[in-house]
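Novice: Here's a structure for you.
Derivation of every value follows stated rules applied to the coordinates shown; laboratory data play no part. Predicted model, so just to flag it, every value in this text is computed and none were measured. Positions of Cβ are backbone-derived with ideal geometry, glycine not excepted, and every protein chain shown enters the neighbour counts.
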Amino acid sequence: MEHRFYKLEIFVPEDYFAAVRQALWSVDAGHIGEYDRCLSWSRVNSCWRPLEGADPFEGIPGELSQEQELKIEVCCRGERLRETLAAVKEAHPYEEPVINVLPLMGTGL
């Protein structure tokens, strides 16, 4: 089922925040009513273990990594979801970016 609005949660190294934010704005993510460029971010602690065959941005295959990242939260319209995900992936440094896509059932949009 296609939803009208989605919330994206994007985990990114702090050094790439500006590039990902600009990518989001370039496809009008964060447009809410008479406002645009609406998004939030916060610091989070993350861990991961690259598996054999991975080409990690940070870390060594087989070893547990822990780093601080930023979590970006932004809304996007359903008809722009694919375009928005493509823009984020282009600006994001990770081989496998963590982008959670949550359908919004009710919103002030």
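Novice: With each run of n ≥ 4 DSSP H residues scored as -39500 (n - 2.57), what mean residue ellipticity at 222 nm is computed for the chain after dividing by its residue count and rounding to the nearest 500 deg cm²/dmol? Each step should come with its number before you reach the end.
Specialist: Numbers: 2 runs with 21 residues, N = 109.
Rounded to the nearest 500, it is -5500 deg cm²/dmol.
Novice: Share of Cα-Cα pairs in the chain beyond 17 Å, in percent? Show your work: numbers first, answer last.
Specialist: Numbers: 3190 of 5886 pairs.
Here the tail beyond 17 Å accounts for 54 percent of pairs.
Novice: Taking the dipole about the Cα centre of the chain, with the C-beta of Lys and Arg at +1 and of Asp and Glu at -1, give me whichever of Gln66, Trp41, Tyr6 is farthest to the positive side.
Specialist: Tyr6
Novice: Quick one: which residues, 5+ away or cross-chain, put their amide H under 5 Å from the amide H of His31? H built at 1.01 Å from N.
Specialist: Amide H neighbours of His31: Arg37, Cys38.
Novice: List every residue whose amide H lies under 5 Å from the amide H of Phe5, counting only residues 5 or more places away in sequence or on a different chain, with H placed 1.01 Å from N in the peptide plane.
Specialist: Result for Phe5 returns Gly78, Leu104.
Novice: Which GluC sites (Glu not before Pro) in region 11-109 pass both tests, a DSSP loop state and at most 10 other beta-carbon atoms within 10 Å?
Specialist: Working: sites: Glu14, Glu34, Glu52, Glu58, Glu63, Glu67, Glu69, Glu73, Glu79, Glu83, Glu90, Glu95; in loops: Glu34, Glu52, Glu58, Glu63, Glu95.
The qualifying sites are Glu34, Glu52, Glu63, Glu95.
Novice: Oh, and also: Provide the per-residue ³J(HN,Hα) series for region 77-86, in order, calculated from phi with Karplus coefficients 6.51, -1.76, 1.60 and θ = phi - 60°, each as a whole number of Hz, with x at glycine and proline positions.
Specialist: Whole-Hz 3J(HN,Hα) from phi for region 77-86: 6, x, 6, 10, 4, 4, 4, 5, 4, 5.
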